[in-house]
Amino acid sequence: MKPAARIAAAIEILRGMGQSGKPADRFLNEWARANRYAGAKDRNDIYSRVYRVLRQHAHYSWQAGSTDPRALILSDLRAYDCLSLAETQQLFGGGKYEPACLSDDEAAAYIRDRAGDPPDWVRGNYPEWLAPLMADSLPDPVAEGQALSERAPLDLRVNRLRSGRERAQVALAEEGIEADFTPWSPDGLRILARDRITGSKVFKQGWVEVQDEGSQIAARLVGAQPGQQIVDLCAGGGGKTLAMAALMENSGQIHAFDAAAGRLKAMLPRLRRAGVHNVQIASDPKPALETLKGRAHRVVLDVPCSGTGAWRRNPDAKWRLSAAALEKHRQAQHELLRQGAELVGPAGRLIYITCSILACENGQAVGQFLAENSRFKALPPVRLWEETVAQTVPDFVRDSPDHLTLTPLRSDTDGFFICVMERVS
């Protein structure tokens, strides 16, 4: 494909993505199947531009004064490629497979600098309607937003049922894949280049799983121990389920549930590859949950949420999020806390986890629950970190006495909120 054709494809993808409402990765996979003429280099160039526009959407739209895909691509050509107006006009030639020629207004906007300082939501690249919630949730929402606009690293969790971290690191190196130890998780490896992990022998043999370091920490803070009865009420694809199973050394049981049954089915090949045998997936959750009431040592609530903490990986999600969807998540979180509390046995723990950075889904949700449930108390993160992660406690763990907040800026992980609550007599 010629450069102009790649630009035209990027505009087409952004427009189609906005109209469909589909997640970016799904839409791009469908586009690739429907446009097989685009080679690997073409797709890499097009996808990089599309994701860059999604990450810089607020800044680009503010500069251009428009959210139209053509305007966003033009902002990217100016800001990232540093093209002059004449060079850009050559790409917008109006020929076959080329974008239409620039209008006089587009040409004028291309060379015009926006007057005044950009507002915080533009500098932080998040939706304008979220600005009050971001300011209410974070000491420096602009810096946090900018960190969430960067590309995320690729982290692996070493499966200790199959291998140790050092051994897995050496085995990856033998396949030409370089990895360093992650700074916090004792099971984590961070890939130094954009290698394809799923095709490696180390992955296929179940030695490693793709899992952000923040998610690994959340799974460790559960404090799952061999022989315990664990309820994973929102197990999803099973990332934390697998991590807990390894910590339990395949002893005891993890009862995995999820409102979307298809996600649980997708977990099965991962369990087999990892050599996990202590996970129970109930075909009919109602009687299973009734049996578990008041008996679980740990109840894990990795609740549905806004996903604001994962914007590095899903930059399109910030522009698809709505106030109505956020309120729906908050209602589900409240109900799951109520449901999960009923399952916790004496001296057991209820673990509330989100991949959100918004206080309304995190501290405020937990605060409301604790105010209504005197049977539970929040445990200090410092103590939990020392018990489950490492004796050395980083500063970001000491920020709050009753919960842990992770962000790309603070901990160089995805954004996570973890609150561990213990049932008291």
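For segment 296-316, indicate whether the set of residues that are in contact (Cβ under 8 Å) with a residue 24 or more places away in the chain, surrounded by fewer than 19 Cβ atoms within 10 Å (Cβ to Cβ), part of a helix (DSSP H, G or I) and out of contact with any Lys or Arg (no Cβ under 8 Å at 6 or more places or on another chain) is non-empty. Scanning segment 296-316 turns up no residue that is in contact (Cβ under 8 Å) with a residue 24 or more places away in the chain, surrounded by fewer than 19 Cβ atoms within 10 Å (Cβ to Cβ), part of a helix (DSSP H, G or I) and out of contact with any Lys or Arg (no Cβ under 8 Å at 6 or more places or on another chain). The condition of being hydrophobic (A, V, I, L, M, F, W, C) and out of contact with any strand residue (DSSP E or B) (no Cβ under 7 Å at 6 or more places or on another chain) holds for only one of ALA266, ALA296, ALA256, that being ALA266.
None of VAL344, VAL389, VAL393 is out of contact with any Cys (no Cβ under 7 Å at 6 or more places or on another chain), buried (at least 17 other Cβ atoms within 10 Å of the Cβ) and more than 30 Å from ALA288 (Cβ to Cβ) except VAL389. Kindly evaluate GLU372 against the criterion of being surrounded by fewer than 14 Cβ atoms within 10 Å (Cβ to Cβ), over 22 Å from HIS334 (Cα atoms) and either touching a residue at least 24 places away in the same chain (Cβ under 8 Å) or in contact with a Lys or Arg (Cβ under 9 Å, 6 or more places away or on another chain) (or both). Spelling it out, it is not the case that GLU372 is surrounded by fewer than 14 Cβ atoms within 10 Å (Cβ to Cβ), over 22 Å from HIS334 (Cα atoms) and either touching a residue at least 24 places away in the same chain (Cβ under 8 Å) or in contact with a Lys or Arg (Cβ under 9 Å, 6 or more places away or on another chain) (or both).
Just to be sure before I move on: is ASP284 modelled with pLDDT under 95, farther than 24 Å from PRO153 by Cβ and out of contact with any Asp or Glu (no Cβ under 7 Å at 6 or more places or on another chain) in the structure I sent? Yes, satisfied.
Residues in segment 201-218: is at least one surrounded by fewer than 15 Cβ atoms within 10 Å (Cβ to Cβ) and touching a residue at least 60 places away in the same chain (Cβ under 8 Å)? Checked segment 201-218: at least one residue is surrounded by fewer than 15 Cβ atoms within 10 Å (Cβ to Cβ) and touching a residue at least 60 places away in the same chain (Cβ under 8 Å). Considering every residue within segment 214-221, establish whether at least one is more than 30 Å from HIS334 (Cβ to Cβ) and of a type in the set (Ser, Thr, Tyr). So far as segment 214-221 goes, no, none of its residues is more than 30 Å from HIS334 (Cβ to Cβ) and of a type in the set (Ser, Thr, Tyr).
The listed residues are THR413, THR388, THR407, and the only one of them that is more than 22 Å from the chain's Cα centre (by Cα), of a type in the set (Ser, Thr, Tyr) and under 19 Å from ALA219 (Cβ atoms) turns out to be THR388.
Going by the structure shown, is GLN331 in contact (Cβ under 8 Å) with a residue 12 or more places away in the chain and not aliphatic (A, V, I, L, M)? Criteria not met by GLN331. Selection of segment 348-405 for residues being of a type in the set (S, T, N, Q) and more than 27 Å from THR182 (Cβ to Cβ) yields GLN364, GLN368, ASN373, SER374. In this structure, ASP180 does not qualify as more than 22 Å from PRO304 (Cβ to Cβ), of a type in the set (D, E, K, R) and crowded, with 22+ Cβ neighbours inside 10 Å. Looking at ALA58, ALA143, ALA107, which one is at pLDDT 95 or above and touching a Phe, Trp or Tyr at 6+ places or on another chain (Cβ under 7 Å)? Matching residue, one of ALA58, ALA143, ALA107: ALA58. Elements of the type helices (runs of 4 or more DSSP H) sitting completely within segment 67-127 and holding at least 1 residues that are surrounded by 15 or more Cβ atoms within 10 Å (Cβ to Cβ) and more than 34 Å from the chain's Cα centre (by Cα): these cover 85-91, 104-111. Residue pairs whose Cβ atoms lie under 8 Å apart, sitting 6 or more positions apart in sequence or on different chains, and linking a residue in segment 273-293 that is under 16 Å from LEU343 (Cβ atoms) to a partner that is among the charged types (D, E, K, R), are LYS293/GLU342. Exactly one residue among ASP68, ASP104 is without any contact (Cβ under 8 Å) to a residue 60 or more places away in the chain and more than 23 Å from LEU321 (Cβ to Cβ), and that residue is ASP104.
Counting only residues that are surrounded by fewer than 22 Cβ atoms within 10 Å (Cβ to Cβ) and more than 9 Å from TYR97 (Cα to Cα), segment 3-12 holds 2 of them.
The values are calculated or read from the model by the stated rules, or taken from the named source; none is laboratory data. Given the structure is predicted, the values throughout are model-derived calculations rather than measurements. Neighbour counts run over all protein chains shown; Cβ positions are idealised from the backbone, glycine included.
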